[in-house]
Amino acid sequence: MNRKFYSRIHLSAALVFALGLAFTACKNNPKPEDTKSVAEAQNEAKFEDEKENEAEFLADVAEFNLQQAELGKLASIKSNNAAVKDFGKMMQDMHTAKMKELSRLAASKQVSVPTSLTDDNKEDYNALNKKDIEDFDKRYLDLVIDKHGSSIREYTDATDKTSDAALKKWLALETASLREHLDAAMMLQIKLKNNQ
């Protein structure tokens, strides 16, 4: 009986030790670094002045495209409204294509850009995903309108500041495309309000 008692104590101690190691290992695992922070640090090491500002702007554009593609995908899955689903799918496809274009442009300029959602964008995504179906479409379109409006202002400002002719041309095309997205989102928002 003593032997069984001591075996159970040893087994219990081993189990407590193993659980302690598991908790410590989980606690000590560093959180993956935000890909935008990594890209910005790499760009700071490579560039100065105007080139660094352009690199920071391109990282912001990548962050925006990644977010819009993911939010569009979410809308195409979660919305109960066919028009919102179609709009979300279009946004996913368009911003995924824009991200590929941007990646090529950034690579040609040796600029690092994020490759996945940033922590802030994950928060927006998670908050939208938690919305009830009744609130989802409105909140999704509000986000699209807000983010596209902000991006149009940033693109216009960047166009005025850059001396890079190729970047100016690219920005003009992108700004026009963002205006189309903004107009479509606003029209869809009006349509949804009128159908309530």
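None of the figures in this text is laboratory data; all of them are computed from the coordinates on show. In this text, all values refer to a predicted model and were calculated from it rather than measured experimentally. Ideal geometry is used to build each Cβ from the backbone, glycine not excepted, and the neighbour counts take in all protein chains shown.
Some values worked out for this structure:
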item	result
Estimated vicinal HN-Hα couplings, Hz - the range 131-148 in sequence order (Karplus 6.51, -1.76, 1.60; Gly, Pro = x)	5, 5, 3, 5, 9, 4, 4, 4, 5, 4, 5, 4, 5, 4, 5, 4, 5, 5
Distance in nm between pseudo-label sites at LEU192 and ALA82 (7 Å out along the Cβ direction from Cα)	1.8
Residue pairs, from the table LYS89/LYS161; LYS138/LYS191; LYS122/LYS169; LYS73/LYS161, whose Cα atoms sit over 23 Å apart	LYS89/LYS161; LYS122/LYS169; LYS73/LYS161
Gained length - MET90 relative to ALA176, 0.36 nm times residue gap less alpha-carbon distance	29.4 nm
Cα centre as origin, Lys/Arg/Asp/Glu Cβ charges: the range 157-196 dipole, Debye	160
About the Cα centre, charge dipole magnitude for the range 40-196 (Lys/Arg +1, Asp/Glu -1 at Cβ), debye	820
Note, ³J(HN,Hα) from phi for the range 114-125, Karplus 6.51, -1.76, 1.60, rounded to Hz, x at Gly and Pro	x, 10, 8, 4, 7, 4, 4, 5, 5, 5, 4, 4
Unit charges at the beta carbon, dipole of the range 56-112: most positive-side option, GLN110, ALA83, ASN65	ALA83
